[in-house]
Amino acid sequence: MGRPRKFSREGVLQKALPVFWKYGFARTTLPDLEQATGVNKSGLYAEFESKEALFLACLRHYLDTRNGGALLLAEPLGWENIRRFLEEAPSCAFDQRGCFSVNSMRELDGLPAEARKVIADGRAKLNQLLRVNVVSEKPKMDVNSLCELISAFFSGICIEANLNPDRKRARRKIRDFMQMLRAA
């Protein structure tokens, strides 16, 4: 009979996520993950089977636990939800910048094949949440086009947060973007 585990799956995900976020999938090493989680290679492989499986579990965990959905579901629906989402969702969670899912899109070709589907599903879910808020404002412009524009802007500010963590500058850009959306 094997020894009982001395770690929780949730705890490993919470500790491994910032490592993948900081270094990306390709640059994260097994020793990095062992050091961050406090779990040795055999324990990690017993629970997750591979580095790829651990990355996918971290990505799913991130998408399931981030607060963006709650921000976009607040009543009343509309532009204010989108503004709050743009300001708060790419916050410096886990001492990281931007959005883990957006950051991961930069290395899609090197990610496990299933990661593309997980990221695409997350983006589709985000688009649905954006859509209900945009529709509630009855814009003159096509709703789908506006949702694509908001999603692209979100990705851009997330990536930019890696280069420049100045939240004041980001808020100014978001304010200007929201002014443009309200006129659309």
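The values are calculated or read from the model by the stated rules, or taken from the named source; none is laboratory data. Keep in mind the model is a prediction, meaning the values are calculated, not measured. Don't worry about glycine lacking a Cβ; one is built from the backbone with ideal geometry, like all the others, and counts go over all protein chains shown. Note: accessible area is taken over every heavy atom of the protein model, side chains too, but ligands, DNA and RNA are not part of it. Shrake-Rupley method; radii C 1.70, N 1.55, O 1.52, S 1.80 Å.
Things worth noting here:
- The residues of segment 69-168 present an accessible area of 52 Å² per residue when probed at 1.4 Å with all protein chains retained.
- Lysine pairs with alpha-carbon atoms under 20 Å apart, segment 9-160, spacing 8 or more or separate chains: 6
- With all protein chains modelled, accessible area of ARG83 [1.4 Å, Å²]: 60
- Counting every pair of alpha carbons in the chain, the share spaced more than 20 Å apart comes to 57 percent.
- Based on Cα contacts under 8 Å between residues 6+ apart, segment 1-146 shows a relative contact order of 26 percent.
- Surface composition of the chain: carbon plus sulfur atoms hold 52% of the accessible area, using a 1.4 angstrom probe and ignoring ligands, DNA and RNA.
- Sorting ASP32, ASP64 by solvent-accessible area of protein heavy atoms yields ASP64, ASP32, largest first, with a 1.4 Å probe.
- The aspartates and glutamates within cross-link reach of LYS168, meaning a Cα-to-Cα straight distance under 12 Å and a gap of 8 or more places when in the same chain, are GLU87.
- A full extension of the chain between ASN144 and PHE7 corresponds to an added length of 44.9 nm, given 0.36 nm per residue minus the alpha carbon distance.
- Each of LYS140, LYS173, LYS22 has its accessible area taken with a 1.4 Å probe; listed largest first, they run LYS140, LYS22, LYS173.
- Spherically averaged projected area of the convex hull of Cα atoms, segment 1-80: 6.9 nm².
- For the peptides 8-18, 96-106, 125-135, residues were scored by their other Cβ atoms within 10 Å and the scores averaged per peptide; the highest-first order is 96-106, 125-135, 8-18.
- Using alpha carbons only, the radius of gyration of segment 77-166 set against its Kirkwood radius gives Rg/Rh = 0.99.
- Modelled this way, with points 7 Å down the Cα-to-C-beta line, the labels at GLN35 and ASN67 are 3.1 nm from one another.
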